[in-house]
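The values are calculated or read from the model by the stated rules, or taken from the named source; none is laboratory data. Computed from a prediction, not measured in an experiment: that's the story for all the values here. Note: ideal-geometry Cβ built from the backbone for every residue, glycine included; neighbour counts use all protein chains shown. For the accessible areas, the whole protein counts, side chains as well, though only heavy atoms, and no ligand, DNA or RNA atoms are used. Shrake-Rupley method; radii C 1.70, N 1.55, O 1.52, S 1.80 Å.
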Amino acid sequence: MWRSCLRLRDAGRRLLNRPRGSFTASEGSGPSPSTPARAYAPPAERKRFYQNVSIAQGEGGFEINLDHRKLRTPGAKIFTVPSEALAVAVATEWDSQQDTIRPYTMHLTTLCNTALDNPTQRDKDQLIRAAVKFLDTDTICYRVEEPEALAELQRREWDPVAEWAERRYSVEIGSSTSILGPSIPARTREVLASHLASYSMWALQGIEFVVTQLKSIVLTLSLLDRHLTVEQAVLLSRLEEEYQIQKWGSIEWAHDYERQELRARTAAGTLFVHLCSESTTVKHKLLQASG
(Lines give C-alpha, C1' and ligand atoms only; values in the text may rest on other atoms or scores of the structure.)
Protein backbone atom coordinates (compact mmCIF):
# COMPACT_ATOMS: atom_id res chain seq x y z
CA MET A 1 0.00 0.00 0.00
CA TRP A 2 2.84 2.37 0.92
CA ARG A 3 4.56 1.68 -2.40
CA SER A 4 1.31 2.39 -4.26
CA CYS A 5 0.88 5.69 -2.42
CA LEU A 6 4.39 6.76 -3.37
CA ARG A 7 3.67 6.00 -7.03
CA LEU A 8 0.46 8.02 -6.89
CA ARG A 9 2.22 10.91 -5.19
CA ASP A 10 4.82 10.95 -7.95
CA ALA A 11 2.09 10.77 -10.61
CA GLY A 12 0.44 13.81 -9.07
CA ARG A 13 3.70 15.72 -9.11
CA ARG A 14 4.22 14.85 -12.77
CA LEU A 15 0.73 16.13 -13.53
CA LEU A 16 1.45 19.46 -11.88
CA ASN A 17 4.97 19.74 -13.28
CA ARG A 18 4.83 18.50 -16.85
CA PRO A 19 8.15 18.21 -18.66
CA ARG A 20 9.15 21.01 -20.99
CA GLY A 21 10.73 20.05 -24.25
CA SER A 22 10.91 20.66 -27.99
CA PHE A 23 7.67 20.93 -29.96
CA THR A 24 6.88 18.37 -32.65
CA ALA A 25 5.63 20.87 -35.22
CA SER A 26 7.30 21.84 -38.45
CA GLU A 27 9.46 24.47 -36.78
CA GLY A 28 10.34 22.33 -33.76
CA SER A 29 13.94 21.80 -32.78
CA GLY A 30 15.44 18.43 -31.92
CA PRO A 31 16.44 17.13 -28.49
CA SER A 32 19.60 18.44 -26.88
CA PRO A 33 22.71 16.46 -27.90
CA SER A 34 23.57 16.08 -24.23
CA THR A 35 20.23 14.39 -23.47
CA PRO A 36 20.58 10.61 -22.96
CA ALA A 37 18.97 8.52 -25.70
CA ARG A 38 15.35 7.72 -24.80
CA ALA A 39 11.86 7.85 -26.21
CA TYR A 40 10.46 11.34 -26.62
CA ALA A 41 8.50 12.91 -23.79
CA PRO A 42 5.57 15.16 -24.73
CA PRO A 43 6.62 18.85 -24.89
CA ALA A 44 4.90 21.82 -23.31
CA GLU A 45 1.50 23.18 -24.20
CA ARG A 46 1.32 26.03 -26.70
CA LYS A 47 -1.24 28.09 -28.58
CA ARG A 48 -2.67 26.48 -31.70
CA PHE A 49 -0.93 28.10 -34.69
CA TYR A 50 -2.71 26.42 -37.64
CA GLN A 51 -6.22 26.35 -39.06
CA ASN A 52 -6.42 23.25 -41.25
CA VAL A 53 -4.93 19.76 -41.08
CA SER A 54 -4.56 17.55 -44.14
CA ILE A 55 -2.66 14.49 -45.29
CA ALA A 56 -0.85 13.91 -48.57
CA GLN A 57 0.94 10.96 -50.09
CA GLY A 58 4.68 11.48 -50.36
CA GLU A 59 7.59 9.40 -51.59
CA GLY A 60 8.00 7.41 -48.39
CA GLY A 61 4.41 7.23 -47.21
CA PHE A 62 1.78 9.67 -45.98
CA GLU A 63 2.59 13.14 -44.65
CA ILE A 64 0.73 15.53 -42.36
CA ASN A 65 0.27 19.17 -43.33
CA LEU A 66 -0.59 21.93 -40.88
CA ASP A 67 -2.04 24.55 -43.24
CA HIS A 68 0.65 24.53 -45.94
CA ARG A 69 3.56 23.43 -43.78
CA LYS A 70 4.77 19.86 -43.51
CA LEU A 71 4.80 18.46 -39.99
CA ARG A 72 8.30 17.49 -38.85
CA THR A 73 9.66 15.34 -36.04
CA PRO A 74 11.79 16.68 -33.16
CA GLY A 75 14.76 15.40 -35.20
CA ALA A 76 13.66 17.62 -38.12
CA LYS A 77 12.60 14.73 -40.35
CA ILE A 78 9.47 15.10 -42.45
CA PHE A 79 6.69 13.38 -40.51
CA THR A 80 5.88 10.42 -42.78
CA VAL A 81 3.89 7.36 -41.72
CA PRO A 82 3.54 3.99 -43.48
CA SER A 83 -0.25 3.80 -43.82
CA GLU A 84 -3.04 6.17 -44.78
CA ALA A 85 -5.16 5.02 -41.84
CA LEU A 86 -2.40 5.94 -39.38
CA ALA A 87 -1.96 9.32 -41.11
CA VAL A 88 -5.67 10.06 -40.71
CA ALA A 89 -5.55 9.06 -37.03
CA VAL A 90 -2.57 11.37 -36.39
CA ALA A 91 -4.20 14.19 -38.36
CA THR A 92 -7.29 13.75 -36.20
CA GLU A 93 -5.15 14.23 -33.08
CA TRP A 94 -3.89 17.54 -34.44
CA ASP A 95 -7.28 18.64 -35.70
CA SER A 96 -8.97 17.89 -32.37
CA GLN A 97 -6.71 20.31 -30.48
CA GLN A 98 -8.58 23.42 -29.47
CA ASP A 99 -7.09 26.87 -28.82
CA THR A 100 -4.26 25.23 -26.90
CA ILE A 101 -2.23 22.30 -28.22
CA ARG A 102 -1.78 19.65 -25.53
CA PRO A 103 0.90 17.28 -26.85
CA TYR A 104 0.58 14.94 -23.86
CA THR A 105 -2.83 13.92 -25.25
CA MET A 106 -1.32 13.07 -28.67
CA HIS A 107 0.05 9.60 -28.06
CA LEU A 108 -0.03 8.51 -31.71
CA THR A 109 2.03 11.53 -32.72
CA THR A 110 4.57 10.78 -30.02
CA LEU A 111 4.82 7.13 -31.09
CA CYS A 112 5.34 8.16 -34.72
CA ASN A 113 8.07 10.61 -33.69
CA THR A 114 9.80 7.82 -31.80
CA ALA A 115 9.53 5.43 -34.75
CA LEU A 116 10.85 8.03 -37.21
CA ASP A 117 13.71 9.48 -35.17
CA ASN A 118 14.51 6.30 -33.21
CA PRO A 119 16.14 8.32 -30.40
CA THR A 120 17.32 5.17 -28.62
CA GLN A 121 19.00 3.98 -31.85
CA ARG A 122 17.77 0.40 -31.55
CA ASP A 123 17.30 -2.07 -34.36
CA LYS A 124 14.51 -4.66 -34.75
CA ASP A 125 16.32 -7.41 -32.82
CA GLN A 126 16.94 -5.08 -29.89
CA LEU A 127 13.29 -4.08 -29.74
CA ILE A 128 12.26 -7.74 -29.75
CA ARG A 129 14.72 -8.61 -26.98
CA ALA A 130 13.51 -5.67 -24.89
CA ALA A 131 9.90 -6.85 -25.16
CA VAL A 132 10.69 -10.51 -24.46
CA LYS A 133 12.81 -9.53 -21.46
CA PHE A 134 9.60 -8.42 -19.72
CA LEU A 135 8.87 -12.12 -19.20
CA ASP A 136 11.38 -11.97 -16.34
CA THR A 137 9.21 -9.46 -14.47
CA ASP A 138 5.83 -9.97 -16.13
CA THR A 139 2.98 -8.65 -14.00
CA ILE A 140 0.85 -11.79 -14.19
CA CYS A 141 3.77 -14.13 -13.42
CA TYR A 142 4.55 -12.58 -10.03
CA ARG A 143 2.14 -13.76 -7.34
CA VAL A 144 1.71 -13.13 -3.63
CA GLU A 145 1.17 -15.75 -0.91
CA GLU A 146 -0.72 -13.37 1.36
CA PRO A 147 -3.11 -11.84 1.96
CA GLU A 148 -5.03 -14.89 0.81
CA ALA A 149 -7.80 -12.74 -0.68
CA LEU A 150 -5.33 -11.09 -3.05
CA ALA A 151 -3.64 -14.40 -3.88
CA GLU A 152 -7.02 -15.88 -4.77
CA LEU A 153 -7.88 -12.83 -6.86
CA GLN A 154 -4.64 -13.22 -8.82
CA ARG A 155 -5.32 -16.89 -9.46
CA ARG A 156 -8.88 -16.21 -10.56
CA GLU A 157 -8.08 -13.28 -12.87
CA TRP A 158 -4.55 -14.00 -14.13
CA ASP A 159 -4.51 -17.79 -14.55
CA PRO A 160 -7.00 -17.82 -17.46
CA VAL A 161 -4.90 -15.27 -19.37
CA ALA A 162 -1.67 -17.20 -18.80
CA GLU A 163 -3.38 -20.44 -19.82
CA TRP A 164 -4.72 -18.80 -22.98
CA ALA A 165 -1.22 -17.59 -23.91
CA GLU A 166 0.24 -21.05 -23.29
CA ARG A 167 -2.35 -22.62 -25.61
CA ARG A 168 -2.11 -19.88 -28.21
CA TYR A 169 1.67 -20.07 -28.59
CA SER A 170 2.23 -23.67 -27.39
CA VAL A 171 4.63 -22.52 -24.67
CA GLU A 172 5.05 -22.74 -20.92
CA ILE A 173 4.83 -19.53 -18.90
CA GLY A 174 3.98 -20.37 -15.30
CA SER A 175 4.05 -18.17 -12.21
CA SER A 176 5.90 -17.87 -8.92
CA THR A 177 5.64 -16.34 -5.47
CA SER A 178 9.43 -16.17 -5.21
CA ILE A 179 11.13 -12.78 -5.36
CA LEU A 180 13.29 -14.30 -8.11
CA GLY A 181 10.22 -14.79 -10.26
CA PRO A 182 9.27 -17.78 -12.41
CA SER A 183 11.75 -19.81 -14.40
CA ILE A 184 10.84 -19.11 -18.03
CA PRO A 185 11.95 -21.88 -20.43
CA ALA A 186 14.29 -20.84 -23.23
CA ARG A 187 11.84 -22.22 -25.78
CA THR A 188 9.14 -19.82 -24.57
CA ARG A 189 11.45 -16.88 -25.20
CA GLU A 190 12.36 -18.21 -28.64
CA VAL A 191 8.75 -18.77 -29.69
CA LEU A 192 7.61 -15.31 -28.56
CA ALA A 193 10.65 -13.66 -30.16
CA SER A 194 9.87 -15.46 -33.42
CA HIS A 195 6.26 -14.27 -33.25
CA LEU A 196 7.33 -10.65 -32.62
CA ALA A 197 9.72 -10.85 -35.58
CA SER A 198 6.68 -11.07 -37.85
CA TYR A 199 5.84 -7.44 -36.99
CA SER A 200 7.34 -4.41 -38.71
CA MET A 201 9.84 -2.10 -37.03
CA TRP A 202 7.09 0.49 -36.57
CA ALA A 203 4.68 -2.00 -35.00
CA LEU A 204 7.41 -3.20 -32.63
CA GLN A 205 7.84 0.35 -31.34
CA GLY A 206 4.15 0.29 -30.46
CA ILE A 207 4.32 -3.18 -28.95
CA GLU A 208 7.17 -2.24 -26.67
CA PHE A 209 5.25 0.89 -25.66
CA VAL A 210 2.20 -1.17 -24.64
CA VAL A 211 4.36 -3.77 -22.86
CA THR A 212 5.94 -0.95 -20.87
CA GLN A 213 2.53 0.46 -19.91
CA LEU A 214 1.09 -2.87 -18.78
CA LYS A 215 4.39 -4.24 -17.43
CA SER A 216 3.45 -7.47 -19.18
CA ILE A 217 4.17 -9.03 -22.55
CA VAL A 218 1.50 -11.66 -21.86
CA LEU A 219 -1.23 -9.05 -21.39
CA THR A 220 0.06 -7.15 -24.43
CA LEU A 221 -0.11 -10.18 -26.71
CA SER A 222 -3.57 -11.01 -25.37
CA LEU A 223 -4.65 -7.47 -26.18
CA LEU A 224 -3.15 -7.44 -29.68
CA ASP A 225 -4.79 -10.80 -30.40
CA ARG A 226 -8.13 -9.33 -29.26
CA HIS A 227 -8.43 -11.89 -26.49
CA LEU A 228 -8.69 -8.95 -24.07
CA THR A 229 -10.08 -5.45 -24.43
CA VAL A 230 -8.06 -2.40 -23.41
CA GLU A 231 -10.26 -2.01 -20.34
CA GLN A 232 -9.67 -5.62 -19.29
CA ALA A 233 -5.92 -5.50 -19.91
CA VAL A 234 -5.52 -2.30 -17.88
CA LEU A 235 -7.56 -3.64 -14.96
CA LEU A 236 -5.56 -6.88 -14.96
CA SER A 237 -2.29 -4.94 -14.99
CA ARG A 238 -3.50 -2.93 -11.97
CA LEU A 239 -4.98 -5.86 -10.06
CA GLU A 240 -3.04 -5.24 -6.84
CA GLU A 241 -3.72 -1.49 -6.94
CA GLU A 242 -7.43 -2.08 -7.50
CA TYR A 243 -7.47 -4.57 -4.62
CA GLN A 244 -5.84 -1.99 -2.33
CA ILE A 245 -8.29 0.69 -3.46
CA GLN A 246 -11.26 -1.53 -2.64
CA LYS A 247 -9.77 -2.31 0.76
CA TRP A 248 -8.42 1.09 1.81
CA GLY A 249 -10.20 3.56 -0.45
CA SER A 250 -8.87 5.77 -3.21
CA ILE A 251 -6.81 8.93 -3.09
CA GLU A 252 -9.04 11.70 -4.40
CA TRP A 253 -8.53 12.29 -8.17
CA ALA A 254 -5.07 10.62 -8.22
CA HIS A 255 -6.23 7.03 -8.71
CA ASP A 256 -8.74 8.03 -11.37
CA TYR A 257 -6.16 10.09 -13.23
CA GLU A 258 -3.60 7.29 -13.17
CA ARG A 259 -6.16 4.74 -14.42
CA GLN A 260 -7.46 6.97 -17.22
CA GLU A 261 -3.96 7.86 -18.40
CA LEU A 262 -3.00 4.20 -18.53
CA ARG A 263 -6.12 3.40 -20.56
CA ALA A 264 -5.38 6.22 -23.01
CA ARG A 265 -1.74 5.20 -23.52
CA THR A 266 -2.58 1.51 -23.84
CA ALA A 267 -5.39 2.18 -26.32
CA ALA A 268 -3.17 4.46 -28.40
CA GLY A 269 -0.34 1.96 -28.48
CA THR A 270 -2.65 -0.87 -29.50
CA LEU A 271 -4.25 1.24 -32.23
CA PHE A 272 -0.78 2.27 -33.43
CA VAL A 273 0.28 -1.36 -33.87
CA HIS A 274 -2.85 -2.21 -35.87
CA LEU A 275 -2.73 0.93 -38.03
CA CYS A 276 0.93 0.48 -38.91
CA SER A 277 -0.08 -2.40 -41.17
CA GLU A 278 -3.46 -1.03 -42.18
CA SER A 279 -3.74 -0.79 -45.96
CA THR A 280 -7.38 0.20 -46.35
CA THR A 281 -7.77 3.32 -48.46
CA VAL A 282 -9.27 6.25 -46.62
CA LYS A 283 -11.32 8.45 -48.93
CA HIS A 284 -11.52 11.67 -46.96
CA LYS A 285 -8.03 13.09 -46.58
CA LEU A 286 -8.80 16.69 -45.72
CA LEU A 287 -9.64 17.48 -42.11
CA GLN A 288 -10.75 21.02 -41.43
CA ALA A 289 -10.65 22.73 -38.08
CA SER A 290 -14.03 22.94 -36.39
CA GLY A 291 -15.76 26.27 -36.03
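Key figures for this structure:
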| quantity | calculated |
| --- | --- |
| For I101, distant residues with modelled amide H under 5 Å away | R46, K47, R48 |
| Length released on extending from S198 to S96, taking residue separation times 0.36 nm less the Cα-Cα span | 33.4 nm |
| T177-E152 pseudo-label distance in nm [points 7 Å out on the Cα-to-Cβ vector] | 1.4 nm |
| Phi-based couplings in Hz for region 94-99 (Karplus 6.51, -1.76, 1.60; Gly and Pro marked x) | 5, 5, 7, 5, 8, 5 |
| Cα shape, region 124-277, gyration tensor, a/c 1.5 rule | oblate |
| Interatomic Cα distance distribution for region 53-117, bins of 10 angstrom, percent | 23, 61, 15, 0 |
| Compactness index (Cα Rg / 2.2 N^0.38 Å), region 97-213 | 1.30 |
| Whole-number accessible area per residue in Å² for region 124-277, which is evaluated in the context of all protein chains at 1.4 Å | 48 Å² |
| Gain in span if fully extended, R189 to E59, counting 0.36 nm per residue against the direct Cα distance | 43.1 nm |
| Rounded, prolate or oblate (a/c below 1.5 giving rounded, otherwise prolate when a/b exceeds b/c) for region 93-166 by Cα gyration tensor | oblate |
